Amino acid sequence: MDLKKLLDRQALQPQYVVDQNEKKTAVLVSLVKFNELYDKIAKVIQLAESLERTVTQLKKKGGVIEPVKTVASSGNMALIKQHYELLNKMLEDMREYQATDVVVKRKLMLQNVITTLEKEVQTHKSMLGEVKKQTKPAVLHDVTELSTDIIKASLLFNRVKKELLAKPIDGQKKSVIISAPSGAGKSVMATAIAHDEEVRLTFPDGIFWINLGNEADILSQQINLLKKLNKSVPNIFDIEEATKYLNKICETKSCLIILDDVCDSQDILAFNIVVEHSQILATTSENNMLEIIQYFISNVTNHDLTPLTEKQSIDFFMKSAKQGSTEVPVYLEDLVHACDYLPLTLKLVANVAHNIPTSEWSELIGRLGEEADFEFSDKYPQSLMQALHLNIEDLGEPADYYLALGVFADYSKIPQSVVLILWRYLYQLTNEEANNFIKELADKSLLKTDQKTLKLHSFQHEYLLSDTSEIEKLHVHLLAAYRRLCDQHGWLSGPNDGYFFEYLCMHLHHANRLNELKLLLLDFDWIQKKLNATSVYSLLNDYEWLEDETLDFVKKALYEAAAVLNIDKNDLATQLLDRLWEVKALKNNKDIQALLNQAKEVAPNWQWQPRFPDEKQKT
């Protein structure tokens, strides 16, 4: 490309048009502005020439850039990024000029420049992604450690990996879905893929694991991802808006987003990134997920994870049962068949088999066919649910400890410290006893542990929620356990442990303590504490637990102030006063007036001023 040929200083002289009143109007920016633009483009030419020299030096060995020997590698990447950003900004400016009603000749000249710049931008976006791949492997975000390598050599593993390493088609990477029933090992395979060295080198800007499951808080998940990708995140209060911004951020990044346990196709669309070097990998148990997604995403492919073979199942069962004997019972074929050849079902049944003599293993076939005291959900394989039931029965009295985990809101990320608080209150367990039991549960695949958090699979959580009457009692117990940690100031003095302020209102709702919940949502001190400990998004979600006309006024005011509060949480008092003080419908509302009086104490110098000229006439 020779931009110098496209740009002629004299050709960029401002031109004029004459309207019907013979008024002469400049339709383009001044010559000074165009001189500035010319100088910018000249700078780009210098950057391009410098880039070409650098790349030529780095490709001396068969076209491969060796990051270990290339000290300039990081500088080269920064150079390309600078080049791309400058070109992109210029392209936006030129498009504005193109939209101006100017003479045909000038529009053609601008079109030539814009076409050239579009090619330049696309070239350097691709170059930026390729150079990044030659730097360092991706950091894994929320990806668990590998528990087994049983599937790593499988054909499906290699096919999925090949699609992740493939070049983009028409400037876009394929979205990849792994489908299989619960317990088939989808998450294990996705974890193994995330840890693969070649995959990590392909996505140097990070591999991000997002557990969705049932009733996922999509907007919060999007915002958390955006914060990991980019330090500065604008005010976003809408899923579609977050999706657009995610695409913008990923234009110059090479990252892999793993969506685990997708139950709703809309959840995938919320993270759909149509970019060149970033990609989506999703796991799901829904049979028709691909058919639905293809209506919205054309460039998507699905892989079915099939159960293990009979031989693989027997080998895996014997290994999981920790039997040193090489002699395989003849009825083991029937047992693994009863497990539907699903790895997790085999593992759970092997837990039970480990504690009984080999001669009694045949009885497990009958136990898998027994009916439990309650009906299992049809969403999950019955053999899997029954195998979980057998494990819980075999826990004995400590099974109650495990069942108590059903009370927690986000089953994919339960703080271990909060579990200890609940178990200490309910069962008088010491921290040592509780930690030992958690290790036992993890060894039996009844949960996963990672960085002081516990994670349940969706089918395990569904099982724990089967006895709704007990779950309601557990909400009461957890509230009582937390209340012991508060002083005379009540809930205001609760611990900021990453769970209390996040989910207290949810537990009050499920414990049917609705009056207490309403009072809390009308208490300025609580609202401020909650906002400081979490976010304006989390605060707004609490107002969804109750349908109440008074609360609706507060929720509306908070929503209108969300953009401000997202930047400055200390402005809460002023924002509530500005929006509620002069609402006539609230003048006799004692609850709102008490809230506003609390806010007035925090902002004693506040005086009401109309935000809009017509507000003086508002009723």
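None of the figures in this text is laboratory data; all of them are computed from the coordinates on show. Because the structure is a prediction, the values reported are computed rather than measured. Cβ: placed from backbone, ideal geometry, glycine included. Neighbour counts: every protein chain shown.
Figures for the structure shown
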| quantity | calculated |
| --- | --- |
| Mean Cβ neighbour count within 10 Å, used as a protection proxy, ranking 246-257, 562-573 highest first | 246-257, 562-573 |
| Spin-label model distance (nm) - A563 vs S220, 7 Å beyond Cα toward Cβ | 2.5 |
| For E397, E276, E470, order by how many other beta-carbon atoms lie within 10 Å, fewest first | E397, E470, E276 |
| Peptides ranked, highest mean first, by Cβ atoms within 10 Å: ranges 404-414, 277-287 | 277-287, 404-414 |
| Calculated FRET efficiency for the pair L156/K379, C-beta based, R₀ 22 Å, to 0.05 | 0.45 |
| Given K319/K444; K161/K231; K174/K244; K244/K556; K228/K253, the pairs whose alpha carbons are separated by over 20 Å | K161/K231; K244/K556 |
| Residues Y402, Y537 arranged by fewest to most Cβ contacts within 10 Å | Y537, Y402 |
| Burial ranking of peptide ranges 340-347, 159-166 (average Cβ count within 10 Å, highest at the top) | 340-347, 159-166 |
| Per-residue Cβ neighbour rank within 10 angstrom, fewest leading, D315, D487 | D487, D315 |
| FRET efficiency, 1/(1 + (r/R0)^6) with R0 41 Å, evaluated for Q609 and D400 via beta carbons | 0.10 |
| Estimated distance in nm for a label pair at K244 and S298, the labels positioned 7 Å out from Cα along Cα-to-Cβ | 2.3 |
| Charge sum, other residues only, whose C-beta stays under 13 Å from R424's C-beta, Lys/Arg counted +1 and Asp/Glu -1 | -1 |
| Added length on full extension, which subtracts the Cα-Cα distance from 0.36 nm per residue, K556 to D450 | 34.3 nm |
